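Reading through the structure tokens given below for one structure.
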Amino acid sequence: MITLTIDGIEVEVEEGASVLQACEAAGKEVPRFCYHERLSIAGNCRMCLVEMERSPKPVASCAMPAGNGMVIKTDTPMVKKAREGVMEFMLINHPLDCPICDQGGECDLQDQAMGYGAAESRYQEPKRAVENKEMGPLISTIMTRCIHCTRCVRFATEVAGVPQLGAIGRGESMEITTYLEKALASELSGNVVDLCPVGALTSRPYAFQARSWELSHTSSIDVMDALGSHIRVDSRGNQVMRVLPRNNDDINEEWISDKTRHAIDGLRTQRLDRPYLRNAKGRLEEASWDEVFTAIKKALGKAKPEEIAAIAGDLCDAESMFALSQLMDNLGSPHKDCRQDGSVLGQQGEGSYLFNSSIAGIDETDVIFLIGANPRHEAAVLNARIRQNYINRDVKVFRLGAEVDLTYPVTELGDDARLLETLVQKGGPVVTALKRAKRPMIIVGQAALRRKDSMGLLDLVGQLAKQVDLVKKDWNGFNVLHTAAARVAGLMLGFLPGKGGKSTTDIISGLEKGNIKVLYNLGADDIDLSHRENKSFVIYQGSHGDRGAAQADVVLPGAAWSEKDGIYANTEGRVQYAQRVTFPPGDAREDWAIIRALSAAIGQTLGYDDLSGLRQAMMAAIPALGVTDQPQSAKLGKLGRRQAMSASPMRHAIGAGSGVSFYMTCPISRASVTMAECVKAFEINDKAEAAE
């Protein structure tokens, strides 16, 4: 530890800390523009000047390492005059267009000019003007405001791993640009808006929509992937205006993906706001709740218990899945599944489907083996964490699957699934590296879990785990990277086929053959029911008019994730609460409430009348769902079963991941105009690069 004195206060800081960090430890506020805790030191704004004993001039506290015996002063006349001078230079070319700037009201330059600047300006010369740059559909640029702090450049290079932002020119001619003026090709590009301290980079979809003081703030959880990033949802009236990250070092640090940030306009379009019933002509028409409940009761009355099934989608909260599971149990049906993509995980124990090392454990690992995983698309923020480990500790990453750019060096092993068998039987560099590693990590992605031979693949992974001592006394290196926010909670609840029950694939096959007469589709919009038997009856409950609603006989309007209180468990089994931000539109209701009302209408009343009662019953049945904000710790059991490796399915390539666009993975993102613009922008980028 290092001891130094800040304004007469003696403080201790760790070796390697800067003077600025020491000042903060002493409770002293030091202004800054270029400095950011998660980026490298630039030291180019000079706003953090402090006085140091025996130094003839002020020092930049962000770039000065703290040393034993240092005496630092932050509030002397010398420091005050120096900061006023720096601020005066900052404002020389700034356009001072605060009334029309989207950063107004939450601008670092405004705040620090008030707190540390002079009361007047002496600059009489013309201000410079800089042409705005093209950075894609998510970032609006007003580069005349730029103060060259280079936060955006450092973020793009160090965190996002796309060195497309940089500076050209020198001195007054210096400009921040994307060089080729194309869309910033990163799934994390929106974070540069949060980092920009002056409003040179602002959110294009949010431009001129609202002022910060007009908004209500609600802390919630992201459901666009299975990471469970902590977010703040800002709303005005009954409309979600924007999503910003909340700091959580164990999950998302202070970053969120572009889909998390900008898919919110999909909450307003293609919404289901009233019940629908398919008429004799085959068209869906508006109906009352009594009419749709009567139709459902009639259909259920004609079906035997073994002819009824339920599938839950990827955005469902735990409460709605628990209620639907109980309803299926009351009806006597064993056919239920929360894995609409056909994944095989769930019945091998918790350790087989969790990210057991925890997301924060990525910081500690020294070797990672990715199997059928594309974290850049499946969990962009987690991928940035792997990149940070590569920068800080030079972690070695191996990958089995189709080759993709993950923004850090990867040893690609190919996409032949049979290579996994070769590794188990004969070893190789990846096996040697995993054996030598102190904290080895295997991450299994969804591309490896949606195959006909996935159980065989998992068996090989289990054998490999034993060979390399993947599970130690204080370390479990087996991890599954989920992509669906609802999946882990569904698996914890046991929303899976019961004894003699059918999985999603078999349920769909049963609909086509006529073995399944009634399907309750709870927000599963990625299944194809176009070939189902005409006599079957499909109930769809969800928030958007996507594929699920188009294929249904009855449509029940549910609430979107931002319109209800809900429990979600992320890929590491961490139970988290999403808070209601706005109310559902029209006649739409919370999903659990619809299921509870339906249960009463069909004579199978569930034993609770409010959300509190439901949660008490759910946590009594599944105590793990009552333990909040802690990763689940589970032993690694038997992963799969032996299969003949010469079987034809094993010859299929593993693939790169989900196979769908990063920007359109759920009904909300598919309804988003902004996400559609992103898809279009990056298609243009790809074509331009191919032409070059």
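The values are calculated or read from the model by the stated rules, or taken from the named source; none is laboratory data. Everything quoted here is computed from the prediction, not taken from an experiment. Here the Cβ positions follow ideal geometry from the backbone for every residue, glycine too, while neighbour counts run over all protein chains shown. These accessible areas exclude ligands, DNA and RNA; they are computed on the full protein's heavy atoms, side chains included. Shrake-Rupley method; radii C 1.70, N 1.55, O 1.52, S 1.80 Å.
Every residue, every condition in (1) crowded, with 24+ Cβ neighbours inside 10 Å; (2) of a type outside the set (A, V, I, L, M), yes or no:
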| residue | (1), (2) |
| --- | --- |
| PHE293 | no, yes |
| LYS297 | no, yes |
| LYS304 | no, yes |
| ASP317 | yes, yes |
| PHE322 | yes, yes |
| MET328 | no, no |
| SER343 | yes, yes |
| PHE355 | yes, yes |
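Condition check: over 18 Å from the mean Cα position of the chain (by Cα) and either crowded, with 24+ Cβ neighbours inside 10 Å or on the phi > 0 side of the Ramachandran plot (or both). Does ARG399 satisfy that? Steps first, answer last, please.
Values: over 18 Å from the mean Cα position of the chain (by Cα): yes; either crowded, with 24+ Cβ neighbours inside 10 Å or on the phi > 0 side of the Ramachandran plot (or both): yes.
Yes.
Which numbered condition in (1) out of contact with any Pro (no Cβ under 9 Å at 6 or more places or on another chain); (2) part of a loop (DSSP other than H, G, I, E, B); (3) within 30 Å of LEU481 (Cα to Cα) is the only one that LEU315 fails?
(1)
Of everything in region 124-163 that's aliphatic (A, V, I, L, M) and closer than 30 Å to TYR390 by Cβ, which residue is surrounded by the fewest Cβ atoms within 10 Å (Cβ to Cβ)? Even if it seems obvious, please write down each step before you answer.
In the first step, residues of region 124-163 are kept if they are aliphatic (A, V, I, L, M); the result is 129-130, 135, 138-139, 142-143, 147, 153, 156, 159-160, 162.
If we keep only those that are closer than 30 Å to TYR390 by Cβ as well, we get 135, 138-139, 153, 156, 159-160, 162.
On the way: MET135: 23, LEU138: 25, ILE139: 23, VAL153: 20, ALA156: 24, VAL159: 24, ALA160: 25, VAL162: 18.
Filtering region 124-163 for residues that are aliphatic (A, V, I, L, M) and closer than 30 Å to TYR390 by Cβ, the one surrounded by the fewest Cβ atoms within 10 Å (Cβ to Cβ) comes out as VAL162.
Being part of a strand (DSSP E or B), at negative phi and within 13 Å of the chain's Cα centre (by Cα) narrows it down to one of ILE231, ILE251, so name that one.
Values: ILE251 fails: part of a strand (DSSP E or B).
Unique residue meeting the criteria: ILE231.
Can you run down the residue pairs with Cβ atoms below 9 Å, 6 or more apart or on separate chains, where the first is in region 611-636 and without any contact (Cβ under 8 Å) to a residue 12 or more places away in the chain and the partner is assigned to a helix (DSSP H, G or I) and crowded, with 17+ Cβ neighbours inside 10 Å?
Every condition considered, the pairs that remain are MET619/LEU625.
How many of the residues in region 276-312 are part of a loop (DSSP other than H, G, I, E, B) and touching a Cys at 6+ places or on another chain (Cβ under 7 Å)? Before the answer, list the steps.
Of all residues in region 276-312, those part of a loop (DSSP other than H, G, I, E, B) come to 279-283, 287-288, 303-304.
Filter once more, keeping what is touching a Cys at 6+ places or on another chain (Cβ under 7 Å): none.
Within region 276-312, residues that are part of a loop (DSSP other than H, G, I, E, B) and touching a Cys at 6+ places or on another chain (Cβ under 7 Å) number 0.
Being within 24 Å of TRP255 (Cα to Cα), surrounded by fewer than 16 Cβ atoms within 10 Å (Cβ to Cβ) and either of a type in the set (D, E, K, R) or touching a strand residue (DSSP E or B) at 6+ places or on another chain (Cβ under 9 Å) (or both) narrows it down to one of GLU15, GLU53, GLU10, GLU37, so name that one.
Numbers: GLU15 fails: within 24 Å of TRP255 (Cα to Cα); GLU53 fails: within 24 Å of TRP255 (Cα to Cα); GLU10 fails: within 24 Å of TRP255 (Cα to Cα).
Step by step, each of GLU15, GLU53, GLU10, GLU37 is checked, and only GLU37 is within 24 Å of TRP255 (Cα to Cα), surrounded by fewer than 16 Cβ atoms within 10 Å (Cβ to Cβ) and either of a type in the set (D, E, K, R) or touching a strand residue (DSSP E or B) at 6+ places or on another chain (Cβ under 9 Å) (or both).
Would you call PHE208 of a type in the set (Phe, Trp, Tyr) and either open to solvent by 10 Å² or more (accessible area, probe 1.4 Å) or more than 30 Å from GLY266 (Cα to Cα) (or both)? Give the steps one after another, and end with the answer.
Values: of a type in the set (Phe, Trp, Tyr): yes; either open to solvent by 10 Å² or more (accessible area, probe 1.4 Å) or more than 30 Å from GLY266 (Cα to Cα) (or both): yes.
So PHE208 passes the test.
Yes or no: ILE256 surrounded by 19 or more Cβ atoms within 10 Å (Cβ to Cβ), in contact with a His (Cβ under 8 Å, 6 or more places away or on another chain) and assigned to a loop (DSSP other than H, G, I, E, B)?
So ILE256 fails the test.
Going by what's in this entry, would ALA82 be described as open to solvent by less than 60 Å² (accessible area, probe 1.4 Å) and out of contact with any Pro (no Cβ under 9 Å at 6 or more places or on another chain)? Break it down into steps so the answer makes sense when it comes.
Details: open to solvent by less than 60 Å² (accessible area, probe 1.4 Å): yes; out of contact with any Pro (no Cβ under 9 Å at 6 or more places or on another chain): no.
So ALA82 fails the test.
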